[in-house]
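The values are calculated or read from the model by the stated rules, or taken from the named source; none is laboratory data. All figures in this text were calculated on a predicted structure; none of them were measured in a lab. Please note: Cβ atoms are built from the backbone with ideal geometry, for glycine as well, and neighbour counts cover all protein chains shown. These area figures cover heavy atoms from the full protein model, side chains too; ligands, DNA and RNA do not enter into them. Shrake-Rupley method; radii C 1.70, N 1.55, O 1.52, S 1.80 Å.
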Amino acid sequence: MNSKSMSKWLLAGLLMAGGASAKTIVFGLSGEPISLDPSVTADGNTAYVTTQIYNSLISFKPGTVDLQPDLALRWTVSSDSLTWTFYLRQNVKFHDGTPLNAEAVRFNFMRWWDPSFEAGAKKPFLGWKNNLGGYKGEDGSLVKDIKVRNQYAIDIILDKPYPALGSILADSGLFGIASPTAIKKNPGQYGTPAGVAVGTGPFMLKKWTSGVNVDLVRNPNYFRAGFPKSEALLFRFVKDPSSRLNELLTGGVDIAAELLPDQLKAIQSNAKLNAVLRPALNLGYLGLNTDYKPLADVRVRTAIASALNKKAIVDTFWNGLGITDGHLLPPPLAKNYAKSVTDYKFDPTAAKKMLADAGYPNGFSLDLWYMPVSRPYYPTPKPIAEAMAADLSAIGIKVNLKTEDWAKYLSDRQDGKFQAFMLGFVYVTDPDSAYTYLIAPGSTTDINWNSPEANTALESARKLSNPAQRLPLYQKVDEIMFNAAVRIPIVHSRLLVASGAGVRGWVPSPTGSEKLDTVEK
Amino acid sequence: MQQTVPQPVALSPARRSARRLRRNPSAVWSLAVLLLIVAFALLGPLVYRASPETIDFAQQFAGPSWGHPLGADENGRDVLIRLMLGGRVSLAVGFFAVAVSLVFGVLIGGLSGFFRGWADSVLMRFTDGMLAIPGFFISLLALTFFGAGLTQLVLVIGLTSWMGLARLVRGEVLREREELSVEAARALGASELRVLWRHVLPQVYPTMIVNATIGISFAILTESALSFLGVGIQPPDASWGNMLTGAQNYMYSSPWLAVYPGALILITVVAFNLLGDGLRDASDPQGR
């Protein structure tokens, strides 16, 4: 044996020794999944694990909310926008070796949609009702029928056009396709720590130790060749954010989810750690109720928007995680922004003049309600509200800050009892769902405002099956909302996550969970 | 040979109590601390003239400096002046809420003990009823319903904390009304109300004072708790309780924001309690 081959062997040995420990990625979650059965409503922690085990028909391109094929290689929408046909990838097998085909997909959809279906969901699946209107037999159900077209094609037939269906199905924390054989074997135990969870995803469930961790191993037959990059994936439950950061520092976890904005500096000052900002898929806004006389005048509302020093407020209270602009839709949906819209110009002098023009040279008094709880879009509502109040008092508006119990806050807001209020939304992946929530008839009781023009645009967009054709309509709505200033966009907040030394290939998704098949270290 | 024996001086009960109180170091210190805190809250803002509501983001979480001796809060506002003005609010709530509870406690306890009979039954069943409801939740409910504010806080805390005092006063009055002095007053033709007012109630003063002192600390704590939960003093006005609420989000990065109001609440409450204990010991007729 010459010295050259000797060193080759040594090198190989070193690589193997180094590789063995590096092949498991440890992920620090804030808590335990509720269930690994995709027919049980998912929370953030559940979605993280189920995303690894299951695939959906459609998924999002990494780091965006743009659609890409997953189990369905392609999909078409009929000219009346009512029939969606999904053409499935062939030769895909579940972890238990059974084949994925249209029958298996239908089985999963029927479980979610039809409460009386065999091996049906243990409880009605709220994720379905919240996104698709209702269950089979209910009036609100958007889905009319689910039909197998052939072995690898399935039709979802809708009651009325629903352009957001693609984005909804792409949220794999919700609509992962599970093995019918595995579910039928023991429906009661499926997805619990005592049972199994069988999908087509990059990782297979090895063991779920309740209260401690979920242990996943590589799926050698994953349809995406060469993936996953790591041999195993271990989800550990570390409840406290500061413990998660400590574990990241000491190497107890490779990736830490859900960190706090004020931990950003600690992470950035450590060369080994990598702070990652999850793209902002949320909105924090200031709602103005036109029922209150001064706010009925658009000049007053625009004056308020121009009096708020949004940039200073966002820089101060979001620690660099916030983005402020004039759009209600978050940046991942930027294609739908109108070119004419940027942001309200901070100009107290002009704002004061607008107030005077509207007949309020001496201002007026305004009740501003701030949330009693912290949300990603408003991490610290009280001091933010105080800052807004100070900005408004500079143009003569006397602000009374108010708050109340969260449940009552939400219902009073909806009943239109507030003059001005802080609120927001999270994880809306499609402009149609966002605008349905913000301005559709029936959802504006809080601001007592209605724009026939905007709603006509939304209605027309709903009937267009080609996503590109919808864009000009949504851009128009963006402009209408900016000019109306009934919901003043304050912030889109990025969420802080972090990875430890040597972790590569991690692309956090705006939706809050992503496949980890590309991650290695 | 005549010896001058020092005669024991007969002191009035009030003076005897005052002397006993002076010999109780913890009570004396408490009183001194309380005077300091009252001076801090009432006189402080006259000397230290900073604005409690001027927001300056550049100063967010700033440490102590000449401009801000105790630093600045999450909105870059001066912490010292907010502690002083917050102290006014907390102390005001303490004093006035106790005043309300004294009025009700003495009125209901006094009438009930003095007149006995059906009046006693009705008033005491009412008191029992009030006692059976957790006061804090009533306060929460009432403030949610009537809206938050200083006046509402005072009324709500006062009206949910008079029951203990009413029972004590009733007990004392029941005992005192059988005393010889009271009988004598009656025999001399004093009206019932005059007897109650001039001869019975003064005997109850020590109980009232002790109860009021401890009641103040209870009221300050309740104000803090209610403001902490967001139904008390509303921002941007400061109270120690809502300063604590604001600080809880920054416990890791700027813990001192919570320490200042927390320490002031703690010190004030402990001082009022020790003073109350001292007063009770001092007014105890069996005490030496």
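Average partner chain C-beta neighbours within 10 Å, per residue of B:141-154?
Mean inter-chain Cβ contacts per residue within 10 Å come to 1.
Once amide H atoms are built 1.01 Å from N in the peptide plane, which residues 5 or more positions from A:Leu73, or in another chain, come under 5 Å H to H?
Amide H neighbours of A:Leu73, under 5 Å, 5+ apart: A:Tyr87, A:Leu88, A:Arg89.
Starting from 0.36 nm per residue, how many nanometres of slack lie between A:Lys23 and A:Leu277 once their C-alpha separation is accounted for?
Value of the extension gain: 89.0 nm.
At 7 Å along the Cα-to-beta-carbon direction for both A:Asn448 and B:Arg19, put a label point, then send me their distance in nm to one decimal.
About 7.2 nm, to one decimal.
Using 0.36 nm times the number of residues separating A:Leu126 and A:Lys185, minus their current alpha carbon distance, what extension gain do you get?
The A:Leu126-A:Lys185 span can extend by a further 18.8 nm.
Between the stretch A:24-47 and the stretch B:215-266, what is the separation of their alpha carbon centroids in Å?
Using only Cα atoms to place each centre, the spacing works out to 36 Å.
Once you wrap a convex hull around the alpha carbon atoms of the stretch A:461-521, what is its projected area averaged over all directions, in nm²?
7.0 nm²
At a Förster radius of 56 Å, what calculated FRET efficiency corresponds to the Cβ-Cβ distance of B:Phe126 and A:Gln68, to the nearest 0.05?
It comes out at approximately 0.20.
What is the average number of partner chain Cβ atoms found within 10 Å of a Cβ in A:382-388?
Taking all residues of A:382-388 together, the mean is 6.
Of the accessible area of the stretch B:142-264, with the probe set at 1.4 angstrom, what percent is carbon plus sulfur?
Ligands and nucleic acids excluded, carbon and sulfur reach 65 percent.
Where in the stretch A:400-424 does accessible area fall by at least 40 Å² between the isolated chain and the complete protein assembly, at a 1.4 Å probe radius?
A:Leu401
Write down the accessible area per residue of the stretch B:166-288 in Å², having rolled a 1.4 Å probe over the full set of protein chains.
49 Å²
For chain B, what does -39500 (n - 2.57) per DSSP helix run (n ≥ 4), summed and divided by total residues, give at 222 nm, in deg cm²/dmol to the nearest 500?
It lands at -22000 deg cm²/dmol.
Relative to the longest principal Cα axis of chain B, at what angle does helix B:135-146 sit, 0 to 90 degrees, rounded to 10?
With rounding to tens, the tilt is 60 degrees.
Mind ranking A:382-393, B:217-228, A:62-73, B:115-126 by how tightly packed they are, going by the mean number of other C-beta atoms within 10 angstrom, highest first?
Order by mean packing, descending: B:217-228, A:382-393, A:62-73, B:115-126.
Which residues of the stretch B:39-70 bury at least 20 Å² of accessible area once all protein chains are present, versus their chain alone (1.4 Å probe)?
Buried on complex formation: B:Ile55, B:Phe57, B:Gln60.
Name the chymotrypsin sites (Phe, Trp or Tyr not before Pro) in the stretch A:213-313 that are in a loop by DSSP and that have at most 15 other C-beta atoms within 10 Å, would you?
Loop-located and lightly packed - none at all.
Please provide three numbers in whole Å: the alpha-carbon extents of the stretch A:214-332 along the principal axes, with the largest listed first.
Result for the stretch A:214-332: principal-axis Cα extents of 64, 37, 23 Å.
Compute the accessible area per residue over chain A, keeping the other protein chains in place, probe 1.4 Å, unit Å².
With the other protein chains kept in place, chain A gives 41 Å² per residue.
For the stretch A:175-221, report the convex hull volume of the alpha-carbon atoms normalised per residue, in Å³, without decimals.
Taking only Cα atoms, the stretch A:175-221 has a hull volume of 87 Å³ per residue.
Helix B:13-22 against the longest principal axis of chain B: what's the angle in degrees, Cα atoms only, rounded to the nearest 10?
It works out to around 40 degrees.
Given labels modelled 7 Å from the Cα in the Cβ direction, how far is it in nm from A:Glu118 to A:Val507?
Those two pseudo-labels are separated by 4.1 nm.
Find the sum over both chains of the accessible area lost when B and A are paired, probe 1.4 Å, and report it in Å² to the nearest 100.
Buried area (both sides, nearest 100 Å²): 1400 Å².
If each of B:Val103 and B:Ala32 carries a label point 7 Å out from its Cα toward its Cβ, how far apart are those two points in nm?
Here the modelled spin labels are 3.6 nm apart.
How big is the gap, in Å, between the Cα center of the stretch A:134-195 and the Cα center of the stretch A:455-521?
Centre-to-centre distance over Cα atoms comes out at 24 Å.
Per the 1.4 Å probe, what fraction of the accessible area of chain A, in percent, lies on carbon and sulfur atoms?
Accessible surface attributable to carbon and sulfur in chain A totals 55 percent.
Quick check: the angle from helix B:201-228's long axis to the longest principal axis of chain B, C-alpha only, nearest 10 degrees?
The angle comes out at about 20 degrees.
Using θ = phi - 60° and the Karplus form 6.51 cos²θ - 1.76 cosθ + 1.60, what ³J(HN,Hα) does each residue of the stretch A:221-227 get, whole Hz, x for Gly and Pro?
9, 4, 5, 8, 4, x, 10
For A:370-379, what's the mean count of beta carbons from other chains sitting within 10 Å of each residue's beta carbon?
Mean partner shielding for this stretch: 1.
Please compute the net charge surrounding A:Val198, taking Lys and Arg as +1 and Asp and Glu as -1 over other residues with Cβ under 13 Å from its Cβ.
It works out to a net charge of +2.
Could you list, in their original order, any pairs among A:Lys144/A:Lys185; A:Lys147/A:Lys463; A:Lys293/A:Lys417; A:Lys352/A:Lys408 whose Cα atoms are separated by more than 24 Å?
Check vs 24 Å cut-off fails for A:Lys144/A:Lys185; A:Lys352/A:Lys408.
Restricting to bridges with both residues inside the stretch A:335-462, how much of the DSSP beta-bridge set is antiparallel, in percent to the nearest 5?
So the antiparallel bridges in the stretch A:335-462 amount to around 10 percent.
Using the Karplus curve 6.51 cos²θ - 1.76 cosθ + 1.60 with θ = phi - 60°, what ³J(HN,Hα) values do you get for each residue of the stretch A:509-521, in whole Hz, with x for Gly and Pro?
Whole-Hz 3J(HN,Hα) from phi for the stretch A:509-521: 8, x, 6, x, 8, 9, 5, 9, 5, 8, 7, 8, 8.
For the pair A:Ser243 and B:Trp118, what calculated FRET efficiency results from E = 1/(1 + (r/R0)^6), where r is the Cβ-Cβ distance and R0 = 60 Å, to the nearest 0.05?
0.40
Please list, ordered by chain and number, the residues whose modelled amide H lies under 5 Å from the amide H of A:Ala498; skip anything fewer than 5 residues away on the same chain.
Under 5 Å from the amide H of A:Ala498 lie the amide H atoms of A:Ala256, A:Val276, each far enough along the sequence or on another chain.
Where Lys and Arg each count +1 and Asp and Glu each count -1, what net charge lies around A:Ala358 among other residues with Cβ under 13 Å from its Cβ?
Neighbourhood net charge equals +3.
Only four residue types carry charge here, +1 at the Cβ of Lys and Arg and -1 at the Cβ of Asp and Glu. Report the dipole size of chain A about the Cα centre in Debye, rounded to the nearest 20.
1280 debye
Taking amide H positions as placed 1.01 Å from N in the peptide plane, with prolines and chain starts having none, which residues 5 or more places from A:Phe364, or on another chain, fall under 5 Å of its amide H?
A:Ile397, A:Lys398
Please state the shape class of chain B: rounded when a/c is under 1.5, otherwise prolate if a/b exceeds b/c and oblate if not, all from the C-alpha gyration tensor.
oblate
Between A:Asn400 and A:Tyr437, what is 0.36 nm times their sequence separation minus the Cα-Cα distance? Round to one decimal in nm.
Gain on stretching A:Asn400 to A:Tyr437: 10.6 nm.
FRET efficiency for A:Gln90 and A:Ile157, Cβ-Cβ distance as r, R0 = 30 Å, nearest 0.05?
It comes to 0.80.
Translational D (Stokes-Einstein, µm²/s) of the protein assembly as shown at 4 °C and 1.567 mPa s when Rh comes from the Kirkwood sum over C-alpha pairs?
Here the translational diffusion coefficient equals 41 µm²/s.
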